[in-house]
Number of protein chains: 2
Amino acid sequence: MAEISEAALQLFEDRGLEAATVEEIAAAAGVSQRTFFRYFATKEDAALPVHREFEDAVEAAVQQADPDADPCTELATVYLRVLQDFADHACPAAQRMLRVSRLVRREPLLRSALVRHGAARNSRLLQALQARFGPSGAADLQLRVAVELCTSLARAAVETWAERLEAGREAVLPDIFADAQLLAQRGRSGHLPAVP
Amino acid sequence: MAEISEAALQLFEDRGLEAATVEEIAAAAGVSQRTFFRYFATKEDAALPVHREFEDAVEAAVQQADPDADPCTELATVYLRVLQDFADHACPAAQRMLRVSRLVRREPLLRSALVRHGAARNSRLLQALQARFGPSGAADLQLRVAVELCTSLARAAVETWAERLEAGREAVLPDIFADAQLLAQRGRSGHLPAVP
DNA sequence: GCCAATATGGCAGATACTGCCATATTGGCA
DNA sequence: TGCCAATATGGCAGTATCTGCCATATTGGC
């Protein structure tokens, strides 16, 4: 599985996402095409197991969140912590994430796949939140916003992180995420219609 | 094009997204399969021209935004206005949007396609914002956050809107969007690490 | 009535992806 | 060690999505 993903990343980097066929990837990884599709539902998914790990970590951490606190804040804290884990260790995960992010930047189709992949995850995350924070009637919007907000900010943060590193600038992923969160909150505008 | 989309919606509703083939859709719309793919890049896209209209409207409205104001606030205002246009008129667009949203709820693959579609749009929107609000060096994160935030909140709002209507509750789309925005801002937490 | 531009159709073909069955590999357990 | 069940892998045929190419129809101005 790691071999397949590695082969896929290599080929995507070398000859582009569309030019690389599943057959080539499978051959490069030393497995059959059929086996490839047992591990990855689509060609693009082969580049994204790092994100899967990340989201697994988030999902696990949500189980320990404080059920009485504000869901949005709790989820943001979870994300921040997981981001720190990924970034701190100078661990291989961060390296792979950066590698994928570079690919995502120049391959719109891969970015679509990433977001698409996130969409499926968001549903699961929403259910996990509902289980933890209770399906209080009016909270449908609140939990949805928490999920969409945090995943979007995380994505924006990762992309900005990758972009800055590529431009030779310094960039600390958790800091960027915190920045993004502040930016999202600052847009508090006075002229939006009041809500009952 | 409208006929193709209508036929696609009908078939998706009747026999499900995966069971309906492009050949059937094309036949139902009275065109060839080849023509279908001239108008829609993928089968799923045939259900999403309403969203395309919506995003076109947003993109157009961004051209009139105040370049000196806060981008995030400006973009949110644009979204709110376009949402009002779509909802106010009791126009067919709102009806179609609702119809698609119902499909999206029970067809995860369609939701993926929707998000994937949005991903491509976000890139364009980001460029439009950069053109309007200027590529001021440190603003890369700010504009990205604005885009991700607004599109995510809009998606959450539309889904909640559809869900509430389906449950027989009252629901006003622009109000829900404003609600979502407030919820996103309320998560201002004190214990996040300070950012330089 | 003519011509250019554009829309559509038909067809062959590449690639992604799935179902089914056979075979290999693994990992306990007697 | 030898055996058996569970699991991983391979092969292959088939379907569906999507594209390139060329021919034909349709439209719209002059």
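Nearest 10 degrees is fine. How inclined is helix B:173-186 to the longest principal axis of chain B, computing both from alpha carbons? The answer is roughly 40 degrees.
Rounded to the nearest 20 debye, the dipole magnitude of the protein assembly as shown is 220 debye, with +1 charges on Lys and Arg beta carbons, -1 on Asp and Glu beta carbons, and the Cα centre as origin. Within segment A:90-152, the proportion of Cα pairs with more than 16 Å between them is 58 percent. Please work out the Cα center distance from segment B:1-75 to segment A:16-68, rounded to the nearest Å. Cα centroid of segment B:1-75 versus Cα centroid of segment A:16-68: 28 Å apart.
Translational diffusion of segment A:27-134, estimated by Stokes-Einstein from the Kirkwood radius over alpha carbon pairs at 20 °C in a medium of 1.002 mPa s, is 138 µm² per second. May I ask for the angle, rounded to the nearest 10°, between helix A:2-15 and the longest principal axis of chain A, with both axes built from Cα atoms and the value confined to 0 to 90°? Result, in degrees: 80.
Plainly put, the tip 7 Å out from Cα toward Cβ on A:Glu24 is 3.6 nm from that tip on each other copy, the closest given first.
Interface between chains A and B: roughly 4600 Å² of accessible area buried, both sides summed (probe 1.4 Å, protein heavy atoms only). Dividing the summed -39500 (n - 2.57) terms of all DSSP H runs of n ≥ 4 by the residue count of the protein assembly as shown sets its mean residue ellipticity at 222 nm at -24000 deg cm²/dmol. Using just the C-alpha positions of chain B as equal point scatterers, what log10 of I(q)/I(0) does the Debye formula give at each q in 0.09, 0.13, 0.17, 0.18 1/Å? Listed by q, the Debye log ratios stand at -0.39, -0.77, -1.16, -1.24.
For B:Ala60 paired with B:Asp14, estimate the spin-label separation in nm (one decimal), with each label point 7 Å from Cα along the Cα-to-Cβ line. Using points 7 Å along Cα→Cβ, the separation is 3.3 nm. Legend: calculated FRET efficiency, A:Arg81 to B:Ser123, from the Cβ-Cβ distance at R0 = 41 Å, rounded to 0.05, equals 0.90. The GluC sites (Glu not before Pro) found in segment B:1-104 that occupy coil by DSSP, while having at most 16 further C-beta atoms within 10 Å, are B:Glu18.
For A:Met97, the solvent-accessible surface computed with a 1.4 Å probe is close to 10 Å², ligands and nucleic acids excluded.
Between B:Leu103, B:Leu141, B:Leu129, the GNM of chain B built on Cα springs shorter than 10 angstrom shows B:Leu141 fluctuating the most. Among A:Ala162, A:Ala154, A:Ala19, the largest mean-square fluctuation in a Gaussian network model of chain A, built with springs joining Cα atoms closer than 10 Å, belongs to A:Ala19.
Taken over segment B:1-47, the ratio of Cα radius of gyration to 2.2 N^0.38 Å equals 0.94. Compared with the dominant Cα axis of chain A, that is its longest principal axis, helix A:49-62 is turned about 30°. Where in segment B:16-82 are there trypsin sites (Lys or Arg not before Pro) that are in a DSSP coil and have at most 13 other Cβ atoms within 10 angstrom of their Cβ? Taking segment B:16-82 and a limit of 13 other Cβ atoms within 10 Å, no loop trypsin sites (Lys or Arg not before Pro) are found.
Overall, segment A:48-185 carries a charge dipole of about 680 debye about its Cα centre when +1 sits on the Cβ of Lys and Arg and -1 on the Cβ of Asp and Glu, all other atoms neutral. When the Cα gyration tensor is reduced to axis lengths a ≥ b ≥ c, the ratio a/c stays below 1.5 for the protein assembly as shown, which is therefore classed as rounded. Between copies, the label points at B:Leu182 (set 7 angstrom from Cα along Cα-to-Cβ) are spaced 2.6 nm, reported in nanometres from shortest to longest.
Neighbours of A:Ala8 by Cβ distance under 15 Å: Lys/Arg scored +1, Asp/Glu scored -1, total -3. Extending 7 Å from Cα along the Cβ direction at B:Phe37 and again at A:Glu53 yields two label points whose distance is 3.8 nm. Each label was represented as a point 7 Å from its Cα along the Cα-to-Cβ direction; for B:Met1 and A:Ala167 these points are 3.6 nm apart. Think of the protein assembly as shown as a dipole: +1 on every Lys or Arg Cβ, -1 on every Asp or Glu Cβ, centred on the Cα centre; then among B:Leu149, A:His51, B:Ala29, B:Ala29 lies furthest on the positive end.
The values are calculated or read from the model by the stated rules, or taken from the named source; none is laboratory data. Since the model is a prediction, treat every value here as computed from it, not as a measurement. Every residue, glycine as well, gets a Cβ built from its backbone with ideal geometry; the counts of neighbours run over all protein chains shown. Protein only, heavy atoms only, side chains kept; ligands, DNA and RNA dropped before computing areas. Shrake-Rupley method; radii C 1.70, N 1.55, O 1.52, S 1.80 Å.
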